[in-house]
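Working notes, beginning with the structure itself.
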Amino acid sequence: MVSLQLLVFGITTLLLQVGCGEHNKYDEYTLISLYPTNPQQVEAARHFYDPENRVEILKSSRGVNDSLDVLVPPDRVAILQKYARSNELQFQVKETEYGRKFEFVERVPRRRVLRPFNVYDYNSFGSIQEYLDTVATRHPDLVTLQNLGSSYQGRRMKLVKISADPNAGNPIIFIDAGIHAREWVAPAMALYLIHRLTNDPDARRNELNGVDWYILPVVNPDGYEYTRSSKANRLWRKTRSKSVSNCYGVDGNRNYGFKWAVSGVSSNPCDKETYAGPKPFSEPETLMVRNVMMENAKRLKLYVSVHSYGQYLVYPWGFTGDFLPKTWKKLDSLARSVSDAVQRAGGKPFKVMSAGKWYPAAGGSDDYAFGAVGVPYSYTMELTNGYEFIFPKDLLRTVLPQFYEGFKVFGAQIRKEFRPLEYKAKTYTSSSAENSSEED
Ligand code: 0X9
Ligand code: ZN
């Protein structure tokens, strides 16, 4: 009897796990890369679209020798091949049965007491929230949580403010991640940053010396949880708001109110990728990020929106590739120093350019921070290369510390350029920063 109960329990638990026996449409999809080798082919790669809207674009091409990656249902492969041939685009089948490599996600979280939070894993929004509470309780001298409000579906969003001296008027670095639901490595990076900034004694001496860090690790929690709910939903990108046409979601990174919808957007709410929304800031999630920026506009000196994939570090303008902001050389040179640091730590370098030169797309948070809020350094950081959105969790332990080295460079530059004068004087004359206590 006992063993029968155990068996029933075991089977029920198994059925509650994502992927068990569930049909996943992506299992039959093929990942295909198209490589343009001259400007004409770049144009052809740029203008590719599927009239049936069933081929999913994973990454656009930024130019010669940069691939357009698409995920193709079985009955569309021939059409794609035909398009490639007629435009003389090199065509490479990267992976058949693409969906079979999707991660296994636990639906029923084991109790936290049994398993502490692991920063080298892809965690549920619920355990991320619990982790943030734990960090704030453990480091009351460093961390405060600000409630920002709720997502469309009612998930509470908390901004993590890390500051060694909240009254010093330090410059602020604001980092957000996860506006795009499927880009799981981005929230993982933001959480790792929180972990290092609060636990690493070197961070108190350096990164937190004269600079405050504000981090919003999951901007789109509804979308994030949706991608975790089943393998068929793993590649969802947008928010989960419902439109009048009964389709779901807005591309949060087309929804910001600066040059809204002038390029690289869709006006169709049923478009799976780049629907800009009915109006700027139609989404509660982007509105919350805007509020954080506006409330801190004076002290906000660097904004980084973390995404994936492709290992790019891009700066404004994103809405156009026709011209650059006046200060582009500063933006470009800091990005290159960040990339060098990541490379020195054993990581791959970033491709550095303006976002609009990669591909013009308006309504991004980077342009809003730079153009509307006046943040002098603003970037979109696309992490990892080689695994598209399914970055293996076993590799997080290797890459997150490498990227952290890049964030240290960001911190150093903001300190050098913007730390308040009286603070500079104080640290020159006393060793208070060196005496800060170490925790954990
Ligand atoms: O298209 C985007 O929103 C970003 N790439 S992603 O593959 N993660 O979707 C790039 C955004 C760059 N910035 C702007 N175009 N403003
Ligand atoms: Zn993204």
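Some values worked out for this structure:
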{"read-out": "Any chance residue 222 is open to solvent by less than 10 Å² (accessible area, probe 1.4 Å), outside any strand (DSSP E or B), more than 20 Å from residue 58 (Cα to Cα) and acidic (Asp, Glu)", "value": "yes"}
{"read-out": "Condition met for residue 138 (touching a residue at least 24 places away in the same chain (Cβ under 8 Å) and over 25 Å from residue 240 (Cα atoms))", "value": "yes"}
{"read-out": "Any hit, the stretch 267-284, residues being outside any loop (DSSP other than H, G, I, E, B) and away from ligand 1 (no atom under 13 Å from the Cβ)", "value": "yes"}
{"read-out": "Meets criteria (touching a His at 6+ places or on another chain (Cβ under 8 Å), of a type in the set (Val, Ile, Thr), within 16 Å of ligand 1 (Cβ to nearest atom) and not in a helix (DSSP H, G or I)) for residue 179", "value": "yes"}
{"read-out": "The stretch 164-196: number of residues that are open to solvent by less than 10 Å² (accessible area, probe 1.4 Å), away from ligand 2 (no atom under 16 Å from the Cβ) and closer than 22 Å to residue 393 by Cβ", "value": "4"}
{"read-out": "The stretch 296-310, residues that are of a type outside the set (Gly, Ala, Ser), within 13 Å of ligand 2 (Cβ to nearest atom) and assigned to a loop (DSSP other than H, G, I, E, B)", "value": "309"}
{"read-out": "Odd one out for residue 351, checked against (1) within 16 Å of ligand 2 (Cβ to nearest atom); (2) over 19 Å from residue 219 (Cβ atoms); (3) surrounded by 20 or more Cβ atoms within 10 Å (Cβ to Cβ)", "value": "(3)"}
{"read-out": "Meets criteria (modelled with pLDDT of 95 or more, more than 16 Å from ligand 1 (Cβ to nearest atom), over 21 Å from the mean Cα position of the chain (by Cα) and among the β-branched types (Val, Ile, Thr)) for residue 211", "value": "yes"}
{"read-out": "Tabulated pairs, the stretch 361-378, first touching a residue at least 24 places away in the same chain (Cβ under 8 Å), second of a type in the set (A, V, I, L, M, F, W, C) and assigned to a helix (DSSP H, G or I), C-beta under 6 angstrom, 6+ apart or interchain", "value": "369/293; 373/293; 375/369; 378/369; 378/370"}
{"read-out": "Hey, residue 36 surrounded by fewer than 19 Cβ atoms within 10 Å (Cβ to Cβ) and either among the acidic types (Asp, Glu) or not assigned by TED's automatic domain parsing to the domain that holds residue 307 (or both) or not", "value": "no"}
{"read-out": "Qualifying position, being surrounded by fewer than 18 Cβ atoms within 10 Å (Cβ to Cβ) and out of contact with any Gly (no Cβ under 8 Å at 6 or more places or on another chain), among 346, 310", "value": "346"}
{"read-out": "Close pairs from the stretch 41-57: first open to solvent by 20 Å² or more (accessible area, probe 1.4 Å), partner in a loop (DSSP other than H, G, I, E, B), Cβ under 6 Å, at least 6 apart", "value": "54/73"}
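The values are calculated or read from the model by the stated rules, or taken from the named source; none is laboratory data. Since the structure is predicted, the reported quantities are computational estimates derived from the model, not experimental observations. Quick reminder, even Gly has a Cβ in these numbers, built from the backbone with ideal geometry, and neighbours come from all protein chains shown. Calculation scope for accessible area: heavy atoms of the full protein, side chains included, ligands and nucleic acids excluded. Shrake-Rupley method; radii C 1.70, N 1.55, O 1.52, S 1.80 Å.
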